[in-house]
Amino acid sequence: MTEIDLQKQAAGAAAAREIQDGMTVGLGTGSTAAHFVAALARRAKAEGLALRCVATSLATAELAVGLGLAVVPLDSVDGIDITVDGADEIGPGLSLIKGGGAALLREKLVWESSRRCLVIADAAKVVATLGAFPLPIEVVAFGHAATARRIAAAAHAAGIDAEPRLRTRDGVPVQTDSGQVIYDLACGSLPDPQRLARDLKLVTGVIDHGLFLGLAHEALIGGADGIARLAR
């Protein structure tokens, strides 16, 4: 296991210790979130914790059920006590870029239903300014190339010299669990994430974007010297 994997694993284990019996827990998507799911399942089994879990993707739901956790639909709960999820970048004030795993819409729906959102990551994810990681944007599959042109216009109006690129795998567009597509916008730097977040939401055809602003309450960062806790 690499040093980065060890840091992710440590952050996931630390987050699992935050969970209390009887909680409804949001489960994130991605490699770091998978470490949390595994650690949570081990703890739930060892301590007999009664938990309900809401998964942010089909892949996470399958992993959680396979490890013995009870997964329920988002619509079946009144709210979520805590969601634990990773991030592709963690900027000032716990501003985030997420969506590298193509689950950003479901992640945001779960996050916005949660009383507390806890980010877990390795130390390399913490940055001074968001934008080096290309911003994922979930787009309605119908007419997505036309939507991409409007995304480009919105980005240029916000001073971002970048063109959205359709995310593909083996030459085929990546589809989200909801059957939509992802465009990635390589911004380079985002001095005003709030403006871009607002402008992208105004583009018809854009379902949502990977800017998670004002949603994270805390972060647990795995590093060479252990776990660091960051607050918004």
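The values are calculated or read from the model by the stated rules, or taken from the named source; none is laboratory data. Please read these numbers as outputs of a predicted model, since none were measured by experiment. Using ideal geometry, Cβ is built from the backbone for each residue, glycine included, and neighbour counts are taken over all protein chains shown.
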For the stretch 52-68, enumerate the residues that are of a type in the set (A, V, I, L, M, F, W, C) and closer than 22 Å to K108 by Cβ. C53, V54, A55, L58, A59, A61, L63, A64
From the list A148, A219, which one is touching a Lys or Arg at 6+ places or on another chain (Cβ under 9 Å), assigned by TED's automatic domain parsing to the domain that holds D81 and touching a residue at least 24 places away in the same chain (Cβ under 8 Å)? A219
Quick one: which residue in A124, A141 is in contact with a helix residue (DSSP H, G or I) (Cβ under 7 Å, 6 or more places away or on another chain), touching a residue at least 40 places away in the same chain (Cβ under 8 Å) and surrounded by fewer than 20 Cβ atoms within 10 Å (Cβ to Cβ)? A124
For the stretch 14-46, which residues satisfy the criterion of being farther than 25 Å from K108 by Cβ and either outside any loop (DSSP other than H, G, I, E, B) or among the β-branched types (V, I, T) (or both)? R42, R43, A44, K45, A46
From the list S57, S76, exactly one residue is surrounded by fewer than 16 Cβ atoms within 10 Å (Cβ to Cβ), modelled with pLDDT of 95 or more, among the hydroxyl-bearing types (S, T, Y) and assigned by TED's automatic domain parsing to the domain that holds G100. Which is it? S76
